[in-house]
Amino acid sequence: MSALSFPAGHRPRYENFEIKAVSDETIREGGERAPFGADNHRKLRLIEAITGAGVTDIDVGSGLDEAAFVRNVLDAKHIMGRIPAAAQFSFNLTLKTWEPLIETLERDLPPEYRDEIYVSVGMIEIDSHNCLFERVVDRLRGIGVHRFRSSLLNAFSTTIDEQKYEHLGTQIERCRAQGIELIRINDSVGTLLPEATAVLAANLVHDNPDITFYLHGHNDYGIGTANSLMSVFHGFQMVEGGVAGVGNRAGLPEIESIAAVFARNSITVADGELNLDGLVRAAQLSEETYMAVPDPYRAISGFLVRNENAGIVNVPDYLGVTRDVDYFLNRIGLFPNYIRQILIESGVDADAVSDPGFLDAVYGHLATQMDEMYARKRVDYDALAAQIQDFYSDLVRLEHVQLAAMDVLGRRGLRTVAGATGPEERMSA
């Protein structure tokens, strides 16, 4: 099967254009990825930070307790006024999880909230010969849900072949038949490459002008953000990610990085203006919310990315690039001529720093200070690294399901018999 190519006459766009919205997956995928979960109060604070920074399309969750949390979120929006009125929320379910989740939506959300939220339906190819997707959408409509989007799963390769594209087209047609015009294309295992993303986006938009597409681009190869940007450069009308790149496995595209590129390239969002400083604060809050070790050097939002070594040949400074940075010195960047420059720029008389002996003494003092600091920090780091590894080692694993079942059986006076197909009831000792 041959690889897909660009539609005839396709032209990319790189600057001075507008997309419809930015969709945030921090809450849903953050909850799925976090080994220990997150409390609802912190999640609500994070939603307030994200929406306050201009991102108004939020995927809230996919678990059995999330419908109740959606109610808390919408109460915070409508009753407390803590969330912008323009914010809209999605609840995620798949055709493997739909039955209990629909029950929670009906039980935990009042009718007016069911009418307001989007429900995103995924894995729509399951049991397609029995029209399960269509029946689930009908069931959702029956409980008062009227806004839908769909998430189409894919295991892309280095190219998009015509067979995979044809399969996508079949699933898109099923969505269209249900009146669904908002479709997320999943790079489900993070194997999509930017050049393939460009071809895919161009063809989908060309062939489906009535559909709004956005990419769910995982960062397994470290190119999720590049893929998401490429998708809008080649026609997708929305972009998606998580603040701090929060998402399953290696994460999702970093919304704050996307926002920085948008600002540089004059790309605007119809739903509202993005506040980069607010997104940086939200990214740092997401680490706290999901108990992730802070990444000090993460692009845009890492708390040390604006700290640069003043004692080496700093290329951006050399090129005259203006940035908001703080400077530091370390052992490798310690040069007498930089010591002289720093002292002169701080107001010390030039004659006072012309004595080589004086500069050598200052150099020696700083070198000793840095060496002693390194020795202390090395001990601290080794202890901290061991503590972090220990922190993440205590996880609920799959074998704990069996242990939990055995405990429940024991409490009920039931025991499993080796070789039997099920538990036998017997008198407790």
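The values are calculated or read from the model by the stated rules, or taken from the named source; none is laboratory data. This structure is a prediction, so every number in the text was calculated from the model and none was measured. As a convention, Cβ positions derive from the backbone with ideal geometry for all residues, glycine included, and neighbour counts pool all protein chains shown.
Here segment 280-311 is the region considered, the condition is being part of a strand (DSSP E or B) and touching a helix residue (DSSP H, G or I) at 6+ places or on another chain (Cβ under 9 Å), and the residue that is farthest from Gly52 (Cα to Cα) is Asn309. Of the set (1) in contact (Cβ under 8 Å) with a residue 40 or more places away in the chain; (2) more than 19 Å from Ser120 (Cα to Cα); (3) acidic (Asp, Glu), all apply to Asp59 but (2).
Out of the residues in segment 314-373 that are polar (S, T, N, Q) and in a loop (DSSP other than H, G, I, E, B), which is nearest to Leu304 (Cα to Cα)?
Keep residues of segment 314-373 that are polar (S, T, N, Q), which gives 314, 322, 330, 337, 341, 346, 354, 368-369.
Then drop every residue that is not in a loop (DSSP other than H, G, I, E, B), which leaves 314, 322, 330, 346, 354.
Values: Asn314: 16, Thr322: 17, Asn330: 14, Ser346: 23, Ser354: 34 Å.
So the residue we want is Asn330.
Across segment 129-150, the number of residues qualifying as surrounded by fewer than 21 Cβ atoms within 10 Å (Cβ to Cβ) and either under 30 Å from Tyr221 (Cβ atoms) or among the aromatic types (Phe, Trp, Tyr) (or both) comes to 1. Ala76 satisfies every condition listed in (1) part of a loop (DSSP other than H, G, I, E, B); (2) surrounded by 14 or more Cβ atoms within 10 Å (Cβ to Cβ) except (1). For segment 8-24, a tally of residues being farther than 29 Å from Ser257 by Cα and surrounded by 12 or more Cβ atoms within 10 Å (Cβ to Cβ) returns 0. List the number of the failed condition for Glu254; all other conditions in (1) among the acidic types (Asp, Glu); (2) in contact with a strand residue (DSSP E or B) (Cβ under 7 Å, 6 or more places away or on another chain); (3) surrounded by fewer than 22 Cβ atoms within 10 Å (Cβ to Cβ) hold. Here Glu254 meets the rest and fails (3).
Yes or no: Asn314 touching a strand residue (DSSP E or B) at 6+ places or on another chain (Cβ under 7 Å), modelled with pLDDT of 90 or more and either surrounded by 11 or more Cβ atoms within 10 Å (Cβ to Cβ) or among the hydrophobic types (A, V, I, L, M, F, W, C) (or both)? No: the conditions fail for Asn314.
Note on segment 108-128: among residues that are buried (at least 21 other Cβ atoms within 10 Å of the Cβ) and not hydroxyl-bearing (Ser, Thr, Tyr), the one that is farthest from Ile183 (Cα to Cα) is Leu109.
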